[in-house]
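These notes concern the structure reproduced below.
The values are calculated or read from the model by the stated rules, or taken from the named source; none is laboratory data. Because the structure is predicted, anything quoted here is derived from the model rather than measured. Don't worry about glycine lacking a Cβ; one is built from the backbone with ideal geometry, like all the others, and counts go over all protein chains shown. What goes into the accessible areas is simple: the full protein's heavy atoms, side chains included, and nothing from ligands, DNA or RNA. Shrake-Rupley method; radii C 1.70, N 1.55, O 1.52, S 1.80 Å.
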Amino acid sequence: MAGEGLAARRAALALLAGVLGEGRMIGPLSGAADGPLSALAPADRARAQRLALTVLRHLDAADRVLAPLLQRPPPLAARNILRLAVVELAEGAAAHGVVNDAVTLARQGKRTASMAGMVNAVLRRLAQASVNLDAMPPQRMPDWLRKPLVAAWGPQAVAGMERVQSRAPVIDLTLRPGATVDPAPAGAERLPTGSLRLPPGAQVTALPGYDEGAFWVQDAAAALAVPLLAPQPGERVLDLCAAPGGKTLQLAAAGAGVKALDVSEPRLARLRENLARTGLEAQVVVADALEWVPDAPFDAILLDAPCSATGTIRRHPDLPFVKDRGDLAALTALQAALIDRALGWLAPGGRLVYCTCSLLPEEGEAQLDAALSRHPGLTVRRPDLPGVDPRWITRAGGLRLRPDYWERTGGMDGFFMACMMVR
Ligand SMILES: C[S@@+](CC[C@H](N)C(=O)[O-])C[C@H]1O[C@@H](n2cnc3c(N)ncnc32)[C@H](O)[C@@H]1O
């Protein structure tokens, strides 16, 4: 029936308007109580999110497909209707449903009603051609990000990152020690570092072991920070900047006594849900790490600092449209301040893993170098982890992970991590 997907398509357009028109991220928009997804059934919510994310992953390619069919670029609201239709046609959705809904949505929109005829004409022509977005150049990162990444990692690496970022992301699971997913779903692959990789769109909550907390969703790169810290049973460990808690679960599963601190109560609510599902334990603290003071030193601290999150574009293709370098100076100052505070909370011989899901050296390699020069006596423990390619280890002993690594199987999030030891 034509119009079957209308609600999801309308919501996808509202998400695109939020990202491209108002500079808002899809995550908060999707969760907002009065947001575009609030009145939708779960299946429509998921579909709307998937559609909006897919459009953002292929925005340049969709515009290239449309350009020869348009006399001039239409205003944003109409352009987004066309982009959504291009992406759905390329995915093989039924052309009559896609075109009819696009025309209906154009007609119903205040800013697009006068363009419904144009939308109809363009899409009817397009529906007769075959659209293959995968054959087109991948979505380019914006210059504010691309330039420093080319300078840091070279043009080939950046091209690889863009290829990976233009594909729907795989889903990685961190398994609890000794746990398995049995039977493993079709297409599942055990990665050299231990994570279980599932194809895009896999239904994680339906897998055997989900309800018992045998695993949790966590990118394979993110999953390496806790093994780098190597928490031991009974150790006093602080998870600083902990929410939503993927790493807290790993620390607790290793048998450490974990304190999980974060400034965000809503994000900690998700951490508490994760602890409840898995039956793992951690003491949760809501506090600003710049003000909080511990009552005793820690054996080990994991600092997963707030950052530009530029390593997560595979999962958050909205980020390049919303963020710019504007926040970077404040973020790097906060990261350095958090490193200094955390180092002061370690017991003699203690260790700190600092990590960020950033591709920018300022938030990774440069932070390690600066910490080493600010703190005489600090040393770096080089990574020695199963599945980690020695070429990923930096001159100073940090671990640089990039989306173009493991490109064939879906890449990984960009991360920097380093384990520092105090005397
Ligand atoms: C990269 S995320 C942490 C992800 C988390 N470690 C995980 O694995 O799920 C960074 C976190 O830092 C928190 N944060 C930012 N500024 C903070 C501060 N001053 N004190 C404590 N937490 C802070 C944010 O709320 C956010 O949850």
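Which members of region 58-111 meet the condition of being of a type in the set (Val, Ile, Thr) and closer than 22 Å to Pro320 by Cα?
Selection gives Val65, Ile81, Val86, Val87.
Considering only region 36-62, state which residues are open to solvent by 60 Å² or more (accessible area, probe 1.4 Å) and of a type in the set (Gly, Ala, Ser). Lay out the reasoning, then the answer.
Residues of region 36-62 that are open to solvent by 60 Å² or more (accessible area, probe 1.4 Å), as a first pass: 39, 42-43, 45, 47, 49-50.
Within region 36-62, Ala39, Ala43 meet the criteria.
For (1) hydrophobic (A, V, I, L, M, F, W, C); (2) open to solvent by less than 40 Å² (accessible area, probe 1.4 Å), each residue gets a yes or a no:
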{"site": "Arg351", "(1), (2)": "no, yes"}
{"site": "Ala366", "(1), (2)": "yes, no"}
{"site": "Asp369", "(1), (2)": "no, no"}
{"site": "Arg374", "(1), (2)": "no, no"}
{"site": "Leu378", "(1), (2)": "yes, yes"}
{"site": "Arg381", "(1), (2)": "no, no"}
{"site": "Val388", "(1), (2)": "yes, yes"}
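Between Arg197, Arg236, Arg267, which is in the same structural domain as Leu334 (by TED's automatic domain parsing), within 18 Å of the chain's Cα centre (by Cα) and of a type outside the set (Asp, Glu)? Explain how you work it out, then say what you get.
On the way: Arg197 fails: in the same structural domain as Leu334 (by TED's automatic domain parsing); Arg236 fails: within 18 Å of the chain's Cα centre (by Cα).
So the residue among Arg197, Arg236, Arg267 that is in the same structural domain as Leu334 (by TED's automatic domain parsing), within 18 Å of the chain's Cα centre (by Cα) and of a type outside the set (Asp, Glu) is Arg267.
Looking at Thr193, is it in contact (Cβ under 8 Å) with a residue 24 or more places away in the chain, in a loop (DSSP other than H, G, I, E, B) and open to solvent by 50 Å² or more (accessible area, probe 1.4 Å)?
Details: in contact (Cβ under 8 Å) with a residue 24 or more places away in the chain: yes; in a loop (DSSP other than H, G, I, E, B): yes; open to solvent by 50 Å² or more (accessible area, probe 1.4 Å): no.
It is false that Thr193 is in contact (Cβ under 8 Å) with a residue 24 or more places away in the chain, in a loop (DSSP other than H, G, I, E, B) and open to solvent by 50 Å² or more (accessible area, probe 1.4 Å).
Results for (1) within 22 Å of Ala269 (Cβ to Cβ); (2) touching a residue at least 24 places away in the same chain (Cβ under 8 Å); (3) away from the ligand (no atom under 11 Å from the Cβ); (4) not small (Gly, Ala, Ser), shown as yes or no for each residue.
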| position | (1), (2), (3), (4) |
| --- | --- |
| Trp216 | yes, yes, no, yes |
| Asp219 | yes, yes, no, yes |
| Leu224 | no, yes, yes, yes |
| Gly255 | no, yes, yes, no |
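Taking region 150-190 as the search range and keeping residues that are among the polar types (S, T, N, Q) and either farther than 16 Å from Leu401 by Cβ or part of a loop (DSSP other than H, G, I, E, B) (or both), which one is least open to solvent (accessible area, probe 1.4 Å)? Break it down into steps so the answer makes sense when it comes.
Of all residues in region 150-190, those among the polar types (S, T, N, Q) come to 156, 165-166, 174, 180.
After this cut, where a residue has to be either farther than 16 Å from Leu401 by Cβ or part of a loop (DSSP other than H, G, I, E, B) (or both) as well, the list is 156, 166, 180.
Working: Gln156: 160, Ser166: 13, Thr180: 90 Å².
Of everything passing the filter in region 150-190, Ser166 is least open to solvent (accessible area, probe 1.4 Å).
Condition (residue is closer than 30 Å to Thr205 by Cβ, outside the structural domain of Ile313 (by TED's automatic domain parsing) and open to solvent by less than 10 Å² (accessible area, probe 1.4 Å)) applied to region 63-86: is it met by at least one residue?
Going through region 63-86, the residues closer than 30 Å to Thr205 by Cβ turn out to be 84.
If we keep only those that are outside the structural domain of Ile313 (by TED's automatic domain parsing) as well, we get 84.
Then keep just the ones that are open to solvent by less than 10 Å² (accessible area, probe 1.4 Å); that gives 84.
Yes: region 63-86 contains one or more residues that are closer than 30 Å to Thr205 by Cβ, outside the structural domain of Ile313 (by TED's automatic domain parsing) and open to solvent by less than 10 Å² (accessible area, probe 1.4 Å).
Restricting the first residue to region 285-305 and requiring it to be within 15 Å of Pro231 (Cβ to Cβ) and assigned by TED's automatic domain parsing to the domain that holds Cys241, which pairs with a second residue that is more than 8 Å from the ligand (Cβ to nearest atom) and charged (D, E, K, R) meet a Cβ separation below 7 Å and a spacing of at least six or different chains?
Phe298/Arg236; Asp299/Glu235; Asp299/Arg236; Ala300/Glu235; Ala300/Arg351
Regarding Thr394, is this residue in contact with a helix residue (DSSP H, G or I) (Cβ under 9 Å, 6 or more places away or on another chain), surrounded by fewer than 20 Cβ atoms within 10 Å (Cβ to Cβ) and hydroxyl-bearing (Ser, Thr, Tyr)? Explain how you work it out, then say what you get.
On the way: in contact with a helix residue (DSSP H, G or I) (Cβ under 9 Å, 6 or more places away or on another chain): yes; surrounded by fewer than 20 Cβ atoms within 10 Å (Cβ to Cβ): yes; hydroxyl-bearing (Ser, Thr, Tyr): yes.
Judged against the criteria, Thr394 is a match.
Can you find even one residue in region 289-298 that is within 22 Å of the chain's Cα centre (by Cα) and surrounded by 19 or more Cβ atoms within 10 Å (Cβ to Cβ)?
The answer is no; no qualifying residue exists.
Quick one: Thr205 ticks every box in (1) assigned by TED's automatic domain parsing to the domain that holds Ser358; (2) in a helix (DSSP H, G or I); (3) not aliphatic (A, V, I, L, M) bar one, so which box is it?
(1)
Within region 267-300, can you find the residues that are more than 9 Å from the ligand (Cβ to nearest atom) and more than 22 Å from Leu343 (Cα to Cα)?
Ala269, Arg272, Glu273, Leu275, Ala276, Arg277, Thr278, Gly279, Leu280, Glu281
Got a sec? Which helices (runs of 4 or more DSSP H) wholly within region 318-423 have at least 1 residues that are free of Cβ contacts under 8 Å to residues at least 40 places away in the same chain and in the same structural domain as Asp288 (by TED's automatic domain parsing)?
Numbers: elements: 319-322, 328-344, 365-374.
In region 318-423, 328-344, 365-374 are the helices (runs of 4 or more DSSP H) which contain 1 or more residues that are free of Cβ contacts under 8 Å to residues at least 40 places away in the same chain and in the same structural domain as Asp288 (by TED's automatic domain parsing).
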